[in-house]
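S.K.: I have a structure I would like to understand better, so I am pasting it below and will then ask my questions one at a time.
The values are calculated or read from the model by the stated rules, or taken from the named source; none is laboratory data. Keep in mind that this is a model prediction, so the values were computed, not measured. Cβ sites come from the backbone with ideal geometry, for glycine too, and all protein chains shown count toward neighbours. For accessibility, only protein heavy atoms count, side chains too; no ligands or nucleic acids. Shrake-Rupley method; radii C 1.70, N 1.55, O 1.52, S 1.80 Å.
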Amino acid sequence: VGLQLTYSLQITHAYRTKEENFPLAMEAIKTALAIDENMVAALAGLAYMKRTFEWDWHGASDAIQRALELEPNNVEVLEPAAAITSTLGRLPESIELYERTIELDPLGFSVLSSVGSRYGNVGRFDDAISAYQRVLRLNPDYPRIRARLSQIYLLKGDPERALAEIEKEPSHISSAIMMARIEHTLGNEAKARSYLNYLLDEDPDGISSALAAVYAWRGENDAAFEWLERAYQEKNFRLAYFLGNSWLRSLTTDPRYPIFVEKLGLLQEWEAMPPEHGGPPRPRTENPR
């Protein structure tokens, strides 16, 4: 299980490619389950692999549900369960699972960071800020935490505070993604375009889904869908966070959106989501006279 986690993290943090490490990670987790089919850490690892790299959403859900039945209060199970539930568009349920995890493991940086993102997805911006500030107090060097705070302030409608936070972010790519959004929001189109051009020149293959989100924020739907399609062809693991993504919320009224969701195999889950969480717009009903 430790080998599987190591190989997987090397992929997600771009130390090695998916082509190099995915077979090694999958072999490791299958070996673990052959030794003990009821080992919850192995079931959680299998769920993570299926969700993140195979896009087998329901296979991932089945594996993690089995693990939850065996050990419902194990943080190694609750955290991936929360992530998979989020992938399936059940954001309030995902938040509940993350909060249960935090009760059991108050120092889990990744859980606090993840629940902050989910709070942002459902418009609980102050709760998101509190979660991120807690991470900062515990570990000021936690990766991209300033960028996450900046995101929430911009979504909340405070681009100046978003700018103040992103100026403290050491990641050049994360900073450029946010600056492209912030400068556009502030009406500084030349600066916004310069950051966007930097991203396009730097590493478009690794950030295709992020570029789609930048274009969506700018209201450039054609470009947003072009980059989403590129992310889909790359099988970009960040598309596991597609449903409920605040930066893509403006695309939900575009007729191409349900087509793309169906390609991801998540149409039924999206249709069950409320509009305020990124679900399909509901037809307005007339008040009876």
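S.K.: With charges only on Cβ, +1 for K and R and -1 for D and E, what is the dipole size of region 43-163 about its Cα centre, in debye, rounded to 20? If you can, show how the numbers build up before the last one.
M.R.: Values: 14 positive and 17 negative charges, 95 e Å.
Dipole about the Cα centre, nearest 20: 460 debye.
S.K.: In this model, which of LYS235/LYS263; LYS30/LYS50; LYS50/LYS156 are farther than 22 Å apart at the alpha-carbon? Please report the intermediate quantities before stating the final value.
M.R.: Working: LYS235/LYS263 12 Å; LYS30/LYS50 12 Å; LYS50/LYS156 33 Å.
Check vs 22 Å cut-off fails for LYS50/LYS156.
S.K.: What ranking of VAL261, VAL75 comes out by heavy-atom accessible area, probe 1.4 Å, highest first? Don't jump to the answer; show the numbers that get you there.
M.R.: Values: VAL261 0, VAL75 45 Å².
Ranking VAL261, VAL75 by accessible area, largest first, yields VAL75, VAL261.
S.K.: Kindly list the residues of region 135-174 that lie in the label zone of GLU202, defined by a backbone N under 13 Å from the point 7 Å along the Cα-to-C-beta vector.
M.R.: Of the residues in region 135-174, 144, 147, 167, 169-174 have backbone N under 13 Å from the label point off GLU202.
S.K.: Another one. Multiplying the sequence separation of THR6 and ARG137 by 0.36 nm and subtracting their Cα-Cα distance, what value in nm do you get? The partial results should precede the final answer.
M.R.: Working: separation 131, 0.36 × 131 = 47.16 nm, distance 2.68 nm.
Gain in length upon complete extension: 44.5 nm.
S.K.: Of SER208, HIS13, LEU155, whose Cα points farthest to the positive end of the dipole of the chain (charges on the beta-carbon: +1 Lys, Arg; -1 Asp, Glu; origin at the Cα centre)?
M.R.: After comparing all options, I get LEU155.
S.K.: Once both labels are modelled 7 Å past Cα along the beta-carbon direction, what's the ARG161-GLU271 spacing in nm?
M.R.: The answer from the label model is 3.9 nm.
S.K.: Using a 1.4 Å probe, how large is the accessible area of LEU5, given in Å² and rounded to the nearest 10?
M.R.: Counting only protein heavy atoms, LEU5 exposes about 90 Å² to solvent.
S.K.: Work out the FRET efficiency for LYS191 and THR31 from their Cβ-Cβ distance, taking R0 = 51 Å, and round it to the nearest 0.05. If you can, show how the numbers build up before the last one.
M.R.: On the way: r = 52 Å, r/R0 = 1.01.
The formula returns an efficiency of 0.50 here.
S.K.: Separate question: Please give the calculated 222 nm ellipticity per residue for the chain, where each DSSP H segment of at least 4 residues contributes -39500 (n - 2.57) and the sum is spread over every residue; nearest 500 deg cm²/dmol?
M.R.: On the way: 16 runs with 193 residues, N = 289.
So the calculated ellipticity at 222 nm is -21000 deg cm²/dmol.
S.K.: Note down the relative contact order for region 1-158 as a percent, whole number, built from C-alpha pairs under 8 angstrom at least six residues apart. Please list the in-between numbers first.
M.R.: Values: 188 pairs, mean separation 19.2, N = 158.
Relative contact order for region 1-158 comes out at 12 percent.
S.K.: Using only the alpha-carbon atoms of the chain as identical scatterers, what base-10 log of I(q)/I(0) does the Debye formula give at q = 0.07 Å⁻¹?
M.R.: -0.26
S.K.: A follow-up question, please. What is the magnitude of the charge dipole of the chain about its Cα centre, with +1 placed on the Cβ of each Lys and Arg, -1 on the Cβ of each Asp and Glu, and no other charges, expressed in debye to the nearest 20? Can you show the working numbers first?
M.R.: On the way: 31 positive and 42 negative charges, 127 e Å.
The dipole of the chain has a size of about 600 debye.
S.K.: A follow-up question, please. Heavy-atom accessible area per residue, region 9-109, 1.4 Å probe: how many Å²? Before the final figure, lay out the partial values.
M.R.: On the way: 4820 Å² over 101 residues.
Result: 48 Å² of accessible area for each residue.
S.K.: A further question follows. Any idea of the accessible area per residue across region 181-261, 1.4 Å probe, to the nearest Å²?
M.R.: Numbers: 3550 Å² over 81 residues.
Using a 1.4 Å probe on heavy atoms only, each residue of region 181-261 averages 44 Å².
S.K.: How large, in percent, is the carbon and sulfur part of the accessible surface of region 135-289 at a probe radius of 1.4 Å?
M.R.: Working: 3920 of 8080 Å².
Carbon plus sulfur share of accessible area: 48 percent.
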